Amino acid sequence: MTLARLDAATLSAPRSSSTARRLLVLTRLRAQRLALWIEHLWQTGRTSPDQGPAIGSAEVARLLMPDAMQDTKTAFYAENAAELSKQGTMAASELALDPGWTTICQTFGLTPDEGELLGLLLAVEIDPGLGRVMAYLHDDTRLSHPTPWLAARLAGREPAPFVGANLRRWLLAAPFDNAAPERLTTPWQADAAVAHAIFSSVWQDASIADAAARVEPAEVAALPCLHPLALAALAKLADPRDGELVGPPGIGKQTLAAQYAASVGAPLLAVDLEALAEAGASSIQALTRTLRQAKMTGAIAYFRNAEAARESDWIRARTLDVHYLRGVRHPTGEVLPITLSPLPIELRLDLWRRVADEPPPAGLITQRLTPSEIVRAAALSHGSAPAAVLKQRSRRPDHALLTSLPTPYEWDDLVLPADVIAQLRAFENQVRLRWTVYEEWGFARLTHLGHGIAALFGGPSGTGKTMAAQVMAKSLGLELLRVDLAGVVNKYIGETEKKLREVFDACEDSGALLFFDEADALFGNRTQVKDAHDRFANIEIDYLLQRIERFDGVAVLATNRRQDLDPAFVRRLRFVVEFLPPRPGERLALWQRALLPNAPSGEKIRDEIDFGYLSERLIMTGAEIKSTVLGAAFLARAEGNRIGMRHIFTAAQREMAKQGQRLRMPVPIPLKEAGE
């Protein structure tokens with residue numbers, strides 16, 4: 001029987017039960033036969049069950065003349081155990097014809113000695129009471145697990161050295177307690193998955209079950225092929241192990257792997273290596289157990305998050321000669337990368353029409369959703385606004401280096417010069433229209449490295465850079481994620497680049513707007529190399545320049561030290577927006593918006609304020625005006641009065657003192673206060 005035909009008919013419950021029974025019958029018959037011989041030796045004085053550490057001369061003579069004793073043993077068996085020998089021979093013949101057992105032995109290339117050892121190990125797993133019998137037959141209470149020596153002795157063979165290479169290679173069995181596998185007296189133990197397969201007729205390794213999924217060819221037969229070029233490239237490979245599927249999560253790597261497997265008439269066994277690593281499994285164990293199950297069930301293995309395994313483990317796994325596919329986020333450089341490109345607008349709309357009855361939402365065009373995200377959005381769209389459904393894509397990634405910022409502001413809340421507002425509006429429009437321009441008009445040919453849009457917001461602190469990013473995110477319906485620069489920059493070589501890649505990947509996957517505050521800390525000028533630190537610092541900047549150019553998302557970088565930015569980096573930005581301190585007219589609007597006349601309840605909370613005087617005489621940024629108004633509100637509330645010019649002046653003095661400035665100016669007292 002070939003491996004591909006090992007299906008439910010082969011491992012049906014009755015047949016599996018018969019395989020387990022045959023192993024037990026054979027083991028018990030052989031054990032009984034050997035036990036009779038041991039008892040005969042006791043009775044003839046050649047050994048003794050109660051002799052303790054003493055070694056008798058008769059036993060020494062027996063051990064030194066094994067050939068002569070073999071003739072005696074043969075004669076003893078012929079006279080006293082003929083029926084047991086006959087039954088044992090029949091049981092061995094039945095087991096040799098058992099489809100379940102022969103499939104295991106042939107599939108994993110077990111030698112006769114390895115088959116005898118594995119059969120004995122499985123019998124002890126199925127019937128733990130046999131462990132005491134093993135100790136009895138070893139004449140050693142410490143050896144309750146089978147050994148290669150005992151397996152050969154029960155089978156009537158001469159013990160062969162170095163037994164078990166294939167058992168260890170496939171993790172079918174292993175020396176107990178990590179003992180030396182080369183010794184004949186080393187106790188062994190069968191793998192739990194093998195024992196379960198013999199006992200239950202289903203080859204299902206519990207150690208990988210939570211991270212594994214089986215995809216039958218019928219399940220993908222009706223699915224459209226969203227990546228025909230990638231499938232064709234995969235089909236051209238003589239060995240699928242020579243390639244790897246590259247793309248972000250949800251792009252369809254596993255579906256494509258299942259379609260490839262179906263094209264050759266095989267199911268797919270998909271396993272998440274990262275999940276197995278988190279569960280504590282070593283990468284070589286996860287690879288071997290998965291390939292072992294794929295080989296036994298005729299499936300092609302597919303490994304998600306294949307980066308979790310070391311390349312040395314992949315080299316070792318390749319020696320098992322089982323076809324598999326790897327799925328990675330970024331090319332590893334070890335095999336041929338087969339990249340799955342994002343779906344263009346036409347395919348996104350076509351997929352939506354296949355999985356949803358409702359009209360496609362506008363976000364399907366403005367956002368480059370993956371197939372997985374489209375299917376999930378369609379499933380959640382019933383009774384929900386499309387915008388709310390698509391915003392689920394922009395949920396904060398579970399990443400320690402990113403912090404979600406609130407987006408409470410709208411365009412009307414921004415108080416900026418008209419030319420700055422125009423640049424911000426242009427930035428927003430490019431984000432909204434980029435896929436129609438790139439794909440429908442064909443301008444993607446001019447952005448072959450990356451399709452992202454990045455803007456630099458430069459200017460002094462408090463001039464509205466962060467607020468503008470918040471307005472942009474809310475208007476676009478995206479979450480705003482701020483990068484934790486302290487967590488990104490690492491003193492260890494290569495760690496900063498690794499963390500930056502994680503940050504960019506997380507934002508590309510979520511569709512969020514990435515916000516770098518104080519960007520000059522990361523994107524500063526390259527320096528003249530004077531030592532190793534300078535060289536590696538320049539490598540980090542070079543990596544940033546390349547990664548920001550390949551970034552497919554939306555990024556805003558804010559800095560109040562634009563002069564410190566690397567010019568090569570600034571050239572790669574689509575927009576550079578200068579935020580200057582507000583002029584008197586803008587300060588007037590900021591004061592009026594910050595200091596409303598009434599509380600939400602309608603209570604009057606301020607007296608007459610000379611806003612013109614404040615905007616002309618107090619040279620402040622928007623952030624300073626906001627802080628001053630808050631300070632004045634607390635001063636007035638503490639006095640039990642409404643906010644007046646006196647409170648504003650006191651709060652302004654404190655605010656300007658933060659900058660090392662002293663405020664000296666007369667404060668006009670409103671007429672109402674003077675009358676009081």
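The values are calculated or read from the model by the stated rules, or taken from the named source; none is laboratory data. Keep in mind the model is a prediction, meaning the values are calculated, not measured. Cβ placement follows ideal geometry from the backbone for every residue including glycine, while neighbour counts extend to all protein chains displayed.
Answer yes or no: is there a residue in the range 225-236 that is assigned by TED's automatic domain parsing to the domain that holds residue 145, surrounded by fewer than 16 Cβ atoms within 10 Å (Cβ to Cβ) and part of a loop (DSSP other than H, G, I, E, B). No, the conditions are met nowhere in the range 225-236. Any residue at all in the range 155-177 that is part of a helix (DSSP H, G or I), among the acidic types (Asp, Glu), in contact with a helix residue (DSSP H, G or I) (Cβ under 9 Å, 6 or more places away or on another chain) and not assigned by TED's automatic domain parsing to the domain that holds residue 301? No, the range 155-177 has no match at all. If you check residue 605 against the conditions, is it surrounded by 15 or more Cβ atoms within 10 Å (Cβ to Cβ) and more than 21 Å from residue 469 (Cβ to Cβ)? Yes; evaluated as a whole, the condition is true for this residue.
Answer with yes or no whether residue 255 is under 19 Å from residue 323 (Cβ atoms), β-branched (Val, Ile, Thr) and at pLDDT below 95. Give the derivation first.
Details: under 19 Å from residue 323 (Cβ atoms): yes; β-branched (Val, Ile, Thr): yes; at pLDDT below 95: no.
Against the criterion (under 19 Å from residue 323 (Cβ atoms), β-branched (Val, Ile, Thr) and at pLDDT below 95), residue 255 does not qualify.
Suppose we filter the range 55-96 for residues that are among the hydroxyl-bearing types (Ser, Thr, Tyr) and either at pLDDT below 85 or not assigned by TED's automatic domain parsing to the domain that holds residue 30 (or both); how many remain? Spell out the reasoning first.
Just the residues of the range 55-96 that are among the hydroxyl-bearing types (Ser, Thr, Tyr), to begin with: 57, 72, 74, 77, 85, 89, 93.
From what's left, either at pLDDT below 85 or not assigned by TED's automatic domain parsing to the domain that holds residue 30 (or both): 57, 72, 74, 77.
Matching residues across the range 55-96 total 4.
Every residue in the range 617-633 that is of a type outside the set (S, T, N, Q), in a helix (DSSP H, G or I) and over 45 Å from the mean Cα position of the chain (by Cα), please. Scanning the range 617-633 gives 617, 625, 629, 630, 631, 632, 633.
Within the range 97-149, if we keep just the residues that are aromatic (Phe, Trp, Tyr) and part of a helix (DSSP H, G or I), the residue that is modelled with the lowest pLDDT turns out to be 136. Answer yes or no as to whether residue 339 is over 26 Å from the mean Cα position of the chain (by Cα) and either of a type outside the set (Phe, Trp, Tyr) or on the phi < 0 side of the Ramachandran plot (or both). For residue 339, the condition - over 26 Å from the mean Cα position of the chain (by Cα) and either of a type outside the set (Phe, Trp, Tyr) or on the phi < 0 side of the Ramachandran plot (or both) - is not met. Among the residues of the range 214-255, those that are basic (Lys, Arg) and within 15 Å of residue 270 (Cβ to Cβ) comprise 214, 253. If you scan the range 538-564, which residues turn out to be more than 34 Å from the chain's Cα centre (by Cα) and in contact (Cβ under 8 Å) with a residue 24 or more places away in the chain? Passing the criteria: 560, 561, 562, 564.
Is it the case, given these coordinates, that residue 220 is in a helix (DSSP H, G or I) and assigned by TED's automatic domain parsing to the domain that holds residue 268? Before you say what the answer is, go through the steps one by one.
Working: in a helix (DSSP H, G or I): yes; assigned by TED's automatic domain parsing to the domain that holds residue 268: yes.
Yes; evaluated as a whole, the condition is true for this residue.
Filter the range 146-165 down to residues that are under 21 Å from residue 19 (Cα atoms) and either in contact with an Asp or Glu (Cβ under 9 Å, 6 or more places away or on another chain) or surrounded by fewer than 22 Cβ atoms within 10 Å (Cβ to Cβ) (or both), then give me how many there are. Steps first, answer last, please.
Taking the range 146-165 and keeping what is under 21 Å from residue 19 (Cα atoms), we get 146, 151-152, 154-155.
The next check asks that each one be either in contact with an Asp or Glu (Cβ under 9 Å, 6 or more places away or on another chain) or surrounded by fewer than 22 Cβ atoms within 10 Å (Cβ to Cβ) (or both); those that pass are 151-152, 154-155.
Selection size over the range 146-165: 4.
Picking from residues in the range 325-351 that are outside any strand (DSSP E or B) and of a type in the set (Lys, Arg), the one that is nearest to residue 501 (Cα to Cα) is 329. Of the residues making up the range 568-600, just one is among the charged types (D, E, K, R), touching a helix residue (DSSP H, G or I) at 6+ places or on another chain (Cβ under 6 Å) and in a loop (DSSP other than H, G, I, E, B), namely 572.
From the residues in the range 643-670 that are in contact with an Asp or Glu (Cβ under 6 Å, 6 or more places away or on another chain) and crowded, with 18+ Cβ neighbours inside 10 Å, which one is modelled with the highest pLDDT? So, considering only residues that are in contact with an Asp or Glu (Cβ under 6 Å, 6 or more places away or on another chain) and crowded, with 18+ Cβ neighbours inside 10 Å, the one modelled with the highest pLDDT is 644. Within the option set 257, 281, 266, being of a type outside the set (Lys, Arg) and over 19 Å from residue 234 (Cα atoms) holds for one residue only, 281. The criterion of being at pLDDT 90 or above and not aliphatic (A, V, I, L, M) holds for residue 407.
Please go through the range 561-598 and pick out each residue that is touching a strand residue (DSSP E or B) at 6+ places or on another chain (Cβ under 6 Å) and closer than 22 Å to residue 549 by Cβ. 562, 564, 573, 574, 575, 576, 577 - these are the residues of the range 561-598 that are touching a strand residue (DSSP E or B) at 6+ places or on another chain (Cβ under 6 Å) and closer than 22 Å to residue 549 by Cβ.
Please verify whether residue 257 is outside the structural domain of residue 375 (by TED's automatic domain parsing) and surrounded by 15 or more Cβ atoms within 10 Å (Cβ to Cβ), treating the condition exactly as stated. Lay out the reasoning, then the answer.
Working: outside the structural domain of residue 375 (by TED's automatic domain parsing): yes; surrounded by 15 or more Cβ atoms within 10 Å (Cβ to Cβ): yes.
In short, yes.
Among the candidates 232, 308, 261, the residue that is small (Gly, Ala, Ser) and in contact (Cβ under 8 Å) with a residue 40 or more places away in the chain is uniquely 261. Considering only residues that are among the aliphatic types (A, V, I, L, M) and surrounded by fewer than 17 Cβ atoms within 10 Å (Cβ to Cβ), look in the range 438-457 and name the one that is farthest from the chain's Cα centre (by Cα). Taking the candidates together, the pick is 446. Exactly one residue among 183, 132 is among the basic types (Lys, Arg) and over 29 Å from residue 319 (Cα atoms), and that residue is 132.
Residue 185 passes every criterion in (1) over 30 Å from residue 33 (Cβ atoms); (2) assigned by TED's automatic domain parsing to the domain that holds residue 119; (3) of a type in the set (S, T, N, Q) apart from (1). Note on the range 307-349: residues that are surrounded by 15 or more Cβ atoms within 10 Å (Cβ to Cβ) and acidic (Asp, Glu) total 2. When we screen 143, 117, 137, 184 for residues that are under 21 Å from residue 19 (Cβ atoms) and among the hydrophobic types (A, V, I, L, M, F, W, C), the only hit is 117. Residue 340 passes every criterion in (1) at pLDDT below 95; (2) more than 22 Å from residue 209 (Cα to Cα); (3) not hydroxyl-bearing (Ser, Thr, Tyr) apart from (1). Against the condition in contact with a helix residue (DSSP H, G or I) (Cβ under 8 Å, 6 or more places away or on another chain) and part of a loop (DSSP other than H, G, I, E, B), how does residue 204 come out, does it pass? Yes; evaluated as a whole, the condition is true for this residue.
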